[in-house]
1. Mind listing just one residue for me: the one in the stretch 226-236 that is open to solvent by 20 Å² or more (accessible area, probe 1.4 Å) and not basic (Lys, Arg) and, of those, nearest to residue 291 (Cα to Cα)?
2. Determine whether residue 306 is in the same structural domain as residue 222 (by the TED database), at pLDDT 85 or above, open to solvent by less than 40 Å² (accessible area, probe 1.4 Å) and not aliphatic (A, V, I, L, M).
3. Taking the stretch 53-90, which residues are aliphatic (A, V, I, L, M) and free of Cβ contacts under 8 Å to residues at least 24 places away in the same chain?
4. So is residue 322 over 18 Å from the mean Cα position of the chain (by Cα), assigned by the TED database to the domain that holds residue 140, among the aromatic types (Phe, Trp, Tyr) and modelled with pLDDT of 85 or more or not?
5. Looking at 129, 97 in this structure, which one is open to solvent by 80 Å² or more (accessible area, probe 1.4 Å) and farther than 18 Å from residue 152 by Cα?
6. Checking residue 213 against (1) open to solvent by less than 40 Å² (accessible area, probe 1.4 Å); (2) in contact with a Gly (Cβ under 7 Å, 6 or more places away or on another chain): exactly one of these is not met. Which one?
7. Kindly list the number of the only condition in (1) modelled with pLDDT of 85 or more; (2) crowded, with 17+ Cβ neighbours inside 10 Å that fails for residue 76.
8. Cβ-Cβ under 8 Å, sequence separation 6+ or interchain: first residue in the stretch 98-116 and closer than 12 Å to residue 261 by Cβ, partner aromatic (Phe, Trp, Tyr) and at pLDDT below 75. Which pairs?
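The values are calculated or read from the model by the stated rules, or taken from the named source; none is laboratory data. For clarity, every value in this text was computed on a predicted model and none was experimentally measured. No Cβ is skipped: glycine too gets one built from the backbone with ideal geometry, and neighbour counts run over all protein chains shown. Protein only, heavy atoms only, side chains kept; ligands, DNA and RNA dropped before computing areas. Shrake-Rupley method; radii C 1.70, N 1.55, O 1.52, S 1.80 Å.
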Amino acid sequence: MKVSEDQVVEDEAGFQDDEESFFQDIDLLQKHGINMADIKKLKSVGICTVKGIQMTTRKALCNIKGLSEAKVEKIKEAAGKMLNVGFQTAFEYSAKRKQVFHITTGSQEFKLLGGGIESMAITEAFGFRTGKTQLSHTLCTAQLPGEDGYLGGKIIFIDTENTRPDRLRDIADRFNVDHDAVLDNVLYARAYTEHQMELLDFVAAKFHEEGGVFKLLIIDSIMALFRVDFSGRGELAERQQKLAQMLSRLQKISEYNVAVFVTNQMTADPGAGMFQADPKKPIGGHILAHASTTRISLRKGRGEMRIAKIFDPDMPENEATFAISGGGVTDAKE
């Protein structure tokens, strides 16, 4: 029994050490011979932690203005000395996952996600006129304490569809929350063309500077601007490459233990059969499908009722119903 208790203490200490090393500021690279000018260049593209360097390829680092191949190799070598990049046991990784929290969706019946939108993961919701933006706004407002100790936090909302954040006032009334407090809790940005990639650099820096303050990043919607900037099959490969780069950034951002929620648009499926119930599919292809940890397919039911189907690697496929009301996403009435 004594050995078991000592092992638990050692495991917890190791977990804390791993957590500290994960968020090591890149300013610490100065101790390993990296000058401050090069560190500022890394920060300018959203790389603020030593772990962020390890998650960026040498080719991408060389594309940063002012960083030569020799400098990149030196930076990579210094980062490698500061981090343990080897294997760890499944038990150790499971201990790290204990910090994961869930953000409520506003509906008690909407328990597909194990209690809400999961942190350290990308959740994608897609459908046509099914309440994706309503769900996004409800997530912003329903920052309520959860059973797992979640106490709420700030949100960053990147809007590509002019979704009007004033909607938060109506949803705030439902939760008896002060209007101004809800609006002040959300950092809102309207994205245009490739501007959204620059915004993600700001997001990464913000999450690092104010670690633990921000809990949720919402992009509504992730594919809207890609459909504008890239048209036709001739630009499809370039579009998908840009999309993959953006999703890679989102995956890195989620490692700050924040929940990333993105909505996606639909398109007609030319390969759909005559007898297929819904001849539409989410855009973004396999790149977006594989990058998303959890996918939620939304479709209309009767009246204000909506049906959500989950695709999650940790859960069996399942469906739940919810409704759209003046107060956002709520339970469906029978």
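1. So in the stretch 226-236, the residues open to solvent by 20 Å² or more (accessible area, probe 1.4 Å) come out as 227-236.
Going one step further and asking which of them are not basic (Lys, Arg), we end up with 228-232, 234-236.
On the way: 228: 22, 229: 21, 230: 20, 231: 22, 232: 23, 234: 23, 235: 21, 236: 18 Å.
Result: 236.
2. yes
3. 60, 61, 64, 70, 72, 90
4. yes
5. It is 129.
6. (1)
7. Tallying (1) modelled with pLDDT of 85 or more; (2) crowded, with 17+ Cβ neighbours inside 10 Å, residue 76 fails exactly one: (2).
8. 102/150; 103/150
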